[in-house]
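Here the structure is laid out as structure tokens; the discussion comes afterwards.
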Amino acid sequence: TVPEVFDTLNSNISGYRDQRAVQALVTDVDGKEYEFHVANNSGASSSILDFKEHADIWPGVTYTNNITLESVTLASLFRTEGINPGDYQALIMDTQGSELLVLQGGLPVLENFRYIKTEVPDFESYAGCCQLSDISEFMTRHGYEELARKQFAGSEDSGNYYDIVYKKIG
């Protein structure tokens, strides 16, 4: 959704004939306008959510500008882009606090994924963000179990960030 980042992604995958990039703001609803906050770390911490305790781990990261974007659900995006979710074993997410929104909007296609990997904190890094307990409860309710967890950042004052892989049960 950040034009410069999307251009870099397209350039990086240009040599892979079976890869294509899709530019979209994926949430739990279609057609809602959001202010997307662009971060100063090459867009890596950009989000629809405001920072809360994020600075406890990354104090130099700030928002530099906003872009107004319209949301789409994962299910709608797959449909409009002609993507068959059954062609993929895994869904990998890192949406800076809105991962639960992506999952909620993707319910019609989630059953196709054997694995779902997500980044998630166990504290309120972004205002109103989903946290580890929220993701774990959702995944369990929808037939997934935790397969692997790796902490990759943390602060004694706030909490930890994890990459977690869930596997479909059965």
Open item on the list: I need the shape label for region 1-141. Rule: rounded when a/c is under 1.5, else prolate if a/b > b/c, else oblate, with a, b, c from the alpha carbon gyration tensor.
Closed with: oblate
TODO: Whenever you get a sec, line up F152, F113 from highest to lowest accessible area (probe 1.4 Å, protein heavy atoms).
DONE: F152, F113
Task: Extension gain, K150 back to I83 (0.36 nm per residue minus Cα-Cα distance, nm) - done: 21.1 nm
TODO: On the protein heavy atoms, probe 1.4 angstrom, tell me the percent of accessible surface of the chain carried by carbon and sulfur.
DONE: 46 percent
Task: log₁₀ of I(q)/I(0) at q = 0.23 Å⁻¹ - region 1-81, Debye sum with one point per alpha carbon - done: -1.13
TODO: Could you tell me which of rounded, prolate or oblate describes region 63-170, using a ≥ b ≥ c as the square roots of the eigenvalues of the alpha-carbon gyration tensor, with rounded for a/c under 1.5 and, failing that, prolate when a/b is larger than b/c and oblate otherwise?
DONE: oblate
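The values are calculated or read from the model by the stated rules, or taken from the named source; none is laboratory data. Given the structure is predicted, the values throughout are model-derived calculations rather than measurements. These accessible areas exclude ligands, DNA and RNA; they are computed on the full protein's heavy atoms, side chains included. Shrake-Rupley method; radii C 1.70, N 1.55, O 1.52, S 1.80 Å.
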